[in-house]
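Derivation of every value follows stated rules applied to the coordinates shown; laboratory data play no part. Only a predicted model underlies this, so the values are computations on that prediction, with no experimental measurement involved. Using ideal geometry, Cβ is built from the backbone for each residue, glycine included, and neighbour counts are taken over all protein chains shown.
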Amino acid sequence: MNDIKCAFSIDFEDWYQGFEIFPMESWRNYEPRIERNCLKTLELLSDFNVKATFFVLGYIADKYPQSVEAIHKEGHEIGAHGYSHTQIFKLSPEKFNEEIRRTGNTIADITGKRPIGFRAPIFSMVKDSWWAIDVLVENGFKYDSSILPTFNYRYGIVAAERFCNEIKTERGNSIIEIPVTTAKFLNLNIPVGGGAYFRIWPYNVTRWGFRQVLKNGQPGVFYMHPWEIDAGQPRIKLPPRLYLTHYTGLDTTERKLKKLLTDFDFSTMADVFGFEY
Ligand SMILES: [Zn+2]
């Protein structure tokens, strides 16, 4: 155990909502599993006495308010993850504003608190969506956790800062950016903070990365989805790369998570980075 706490976050969406090839209108065709996976995730966190930050999709908050209420009642932080899971750069500033306003309002109706943290769908805070920082600030968000300082075919800003930093916009707004953890290997930023990376690589890779950042005096930042511990979810036809990154390791992830929760001390994003929530 280290003195520094790490942040544990959950992108709270159902198993079929993270594919950019399935628009919101098609979601009703898939078997909903969010309620059972919510309970499973809450149980895992409670077993380790960990409070986490749930970045909730607005659509889910609208359809499953009881799940969001249950998360809130257990003392976890609720942040926002957009409404329709559309990558930001595919939205206009007006549409993005409408999405996060609607999501924020729904969350506030359920919990009595407005979210202060945001994570973009598919880490889509990239150069083409930089305007979104102003929209977030103007909607009361204090921090963003949407920039992955690495290369990926779907996202990432390779040259972005690896640790918590302040972003200032030309309009004079500022927000705190809290990137998911990457570790340094040679000259590369290796993503070790969750998702497909966590499921595909051996657990020790994440442990090595988290130890490295803690040694630098920085908290690790981890993220998962509730469907990543649901090995029984339907198998559907997907393009090969999406199939691989979605379905690999579903049966071993819970075991790996238990190791992670044993090896490191975790709390919410707000708690670890000193925000009032
Ligand atoms: Zn997502």
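Can you work out D for the chain in µm² s⁻¹ from Stokes-Einstein, where Rh is the Kirkwood radius over C-alpha pairs, the temperature is 20 °C and the viscosity is 1.002 mPa s?
The diffusion coefficient I find is 115 µm²/s.
Between residue 183 and residues 5 or more places away or on another chain, which pairs have amide H atoms under 5 Å apart, with H built 1.01 Å from N, and which residues are they?
Hits under the 5 Å cutoff: 190, 192.
GluC sites (Glu not before Pro) within the stretch 84-161: which are DSSP loop residues with at most 15 other Cβ atoms inside 10 Å?
For GluC sites (Glu not before Pro) across the stretch 84-161 that sit outside H, G, I, E and B with at most 15 neighbouring Cβ atoms in 10 Å, the list reads 161.
Could you give log10 I(q)/I(0) at q = 0.16, 0.18, 0.21, 0.22 Å⁻¹ for the stretch 36-80, computed by the Debye formula over C-alpha point scatterers of equal weight, without solvent?
Log-scaled intensity ratios, in q order: -0.37, -0.47, -0.64, -0.70.
Once you've got the GNM for the chain with C-alpha springs shorter than 10 Å, pick whichever of 22, 141, 163 has the biggest mean-square fluctuation.
Most flexible of the set in this elastic network: 22.
Dividing the convex hull volume of the alpha carbon atoms of the stretch 180-222 by its residue count, what do you get in Å³ per residue?
Value for the stretch 180-222: 63 Å³ per residue.
By per-residue mean of other Cβ atoms within 10 Å, what is the highest-first order of 50-58, 36-44?
Top of the packing list down: 50-58, 36-44.
For the residues 21, 4, what sequence is obtained by ranking on other C-beta atoms within 10 Å, fewest first?
Listing 21, 4 from fewest to most nearby Cβ atoms yields 21, 4.
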